[in-house]
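What follows is a set of notes on a single structure, which appears directly below.
The values are calculated or read from the model by the stated rules, or taken from the named source; none is laboratory data. Since we're looking at a predicted model, the values are computed, not measured. Using ideal geometry, Cβ is built from the backbone for each residue, glycine included, and neighbour counts are taken over all protein chains shown. Only protein heavy atoms, including side chains, enter the accessible area calculation; ligands, DNA and RNA are left aside. Shrake-Rupley method; radii C 1.70, N 1.55, O 1.52, S 1.80 Å.
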Amino acid sequence: MEGVPRSNSTARFVSVMALVLPEKQKEFTGRGECAGKILTVYKGTAGFGYDPLFLYEPRSKTFGELSAGEKNRISHRARALELFTQLLKKELKE
């Protein structure tokens, strides 16, 4: 990332959950994204992988600086799970 302008250092974590019910011939997917920027300096020690380099701009913190609870509420996985859950609840009502 050295030499890359900060405006071009965008990134996103993406997660997709899927469930196939062959007997009902139905498929469900929930996709979640969390956009941010890639830093060149590690900030924070929480999480794993790229978390200390992934700046989540709405909180002005990296994923490595967020508590597990904060990250779990806003992450790509949380967003995918929320959408997935809504789709299944809707299906169960029908």
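Data overview
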item	result
Subset of the stretch 1-47 that is within 21 Å of the chain's Cα centre (by Cα) and polar (S, T, N, Q) - its residue that is most open to solvent (accessible area, probe 1.4 Å)	THR45
Subset of the stretch 48-86 [within 30 Å of VAL20 (Cβ to Cβ), more than 14 Å from the chain's Cα centre (by Cα) and open to solvent by less than 60 Å² (accessible area, probe 1.4 Å)]	THR85
